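Structure record follows, encoded as structure tokens.
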Amino acid sequence: MGYKEFAASILGKFGGKNKQAAEPLTVYAPFGGNAIAMEEIPDPVFSEGILGKGCGLEPAEETVCAPFNGTVTQVIDTKHAVGVTSKDGLELLIHVGMDTVAMNGEGFTCLVKEGDTVKLGQKLMTFSMEAIKAAGHPATTAVVVTNADDFADIQVLAQGEIAQGAPLLKASK
């Protein structure tokens with residue numbers, strides 16, 4: 001183990017912002033904010049679970065970080081959403097804001113591309129809450145396991161204030 005891995009391991013054990021020791025089948029918060037129930041997401045596609053199970057996040061930060069170690073499987077052309085698959089098979093969609101597809105990428109910057117391997121806590125994209133608000137959209141972000149049917153359950157681990165890198169969702173087989 002090199003110095004960087006050792007330091008990351010120590011930080012993870014003592015509550016460092018970017019934990020590197022990911023638990024299996026766990027989704028970590030992609031940014032800090034306020035975790036809300038899926039039913040509270042202001043879009044029926046997400047609130048009714050049409051795309052899968054998960055929760056919403058009201059962002060307090062404007063950088064989306066990798067929620068686990070995995071591979072970027074989808075980057076939406078309009079840069080408002082990214083799909084990531086974990087090494088243990090969780091397929092996750094992080095959809096920033098509601099109806100933000102209409103913004104045509106304005107206010108969003110993707111830092112990864114499809115096929116990239118990512119580590120827990122690595123920056124995936126940035127967004128402007130000001131631009132989202134100016135466009136008349138809520139910044140509520142959906143964090144959804146799109147292959148939830150492959151698991152016995154998807155449990156929401158947090159409600160209310162959450163820090164980036166804290167456990168958010170847990171799947172069970």
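The values are calculated or read from the model by the stated rules, or taken from the named source; none is laboratory data. Remember, it's a predicted structure, so these values are computed and weren't measured experimentally. Because the Cβ atoms are built from the backbone with ideal geometry, glycine has one as well, and the counts that use them run over all protein chains shown. All accessible areas refer to the heavy atoms of the entire protein, side chains included, with ligands and DNA or RNA removed. Shrake-Rupley method; radii C 1.70, N 1.55, O 1.52, S 1.80 Å.
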Could you tell me which residue of the range 118-167 is farthest from the chain's Cα centre (by Cα), considering only residues that are over 21 Å from PHE68 (Cβ atoms) and open to solvent by less than 10 Å² (accessible area, probe 1.4 Å)? ILE132
Can you list residue pairs whose Cβ atoms sit under 9 Å apart, with the first residue in the range 36-50 being open to solvent by 30 Å² or more (accessible area, probe 1.4 Å) and the second being in a loop (DSSP other than H, G, I, E, B) and of a type in the set (Val, Ile, Thr)? Count only pairs 6 or more apart in sequence or on different chains. GLU40/THR140; PRO42/THR140; PRO44/ILE50
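Are there strands (runs of 3 or more DSSP E) fully within the range 84-173 with at least 2 residues that are in contact (Cβ under 8 Å) with a residue 60 or more places away in the chain and of a type in the set (Gly, Ala, Ser)? List them. I'd like the intermediate steps shown before the answer.
Numbers: elements: 91-95, 108-110, 123-127, 141-145, 153-156, 160-162, 167-172.
Hits in the range 84-173: 167-172.
Could you please let me know if GLY115 is surrounded by 20 or more Cβ atoms within 10 Å (Cβ to Cβ) and modelled with pLDDT of 95 or more? Show your work before the answer.
On the way: surrounded by 20 or more Cβ atoms within 10 Å (Cβ to Cβ): no; modelled with pLDDT of 95 or more: yes.
The answer is no for GLY115.
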So, GLU58, is that one touching a residue at least 60 places away in the same chain (Cβ under 8 Å) and open to solvent by 70 Å² or more (accessible area, probe 1.4 Å) or not? no
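Quick check on the range 11-18. Is at least one of its residues open to solvent by less than 70 Å² (accessible area, probe 1.4 Å), in contact with a helix residue (DSSP H, G or I) (Cβ under 8 Å, 6 or more places away or on another chain) and modelled with pLDDT under 95?
Initial filter on the range 11-18 (open to solvent by less than 70 Å² (accessible area, probe 1.4 Å)): 12, 15-16, 18.
Remaining after also requiring in contact with a helix residue (DSSP H, G or I) (Cβ under 8 Å, 6 or more places away or on another chain): 16, 18.
Going one step further and asking which of them are modelled with pLDDT under 95, we end up with 16, 18.
So far as the range 11-18 goes, yes, one or more of its residues are open to solvent by less than 70 Å² (accessible area, probe 1.4 Å), in contact with a helix residue (DSSP H, G or I) (Cβ under 8 Å, 6 or more places away or on another chain) and modelled with pLDDT under 95.
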Members of the range 75-112 found to be in contact with a Ser or Thr (Cβ under 6 Å, 6 or more places away or on another chain), of a type in the set (Val, Ile, Thr) and surrounded by fewer than 20 Cβ atoms within 10 Å (Cβ to Cβ), listed by number: THR85, VAL101, THR109
Conditions (1) out of contact with any helix residue (DSSP H, G or I) (no Cβ under 9 Å at 6 or more places or on another chain); (2) open to solvent by 20 Å² or more (accessible area, probe 1.4 Å); (3) outside any loop (DSSP other than H, G, I, E, B); number of the one not met by VAL72: (2)
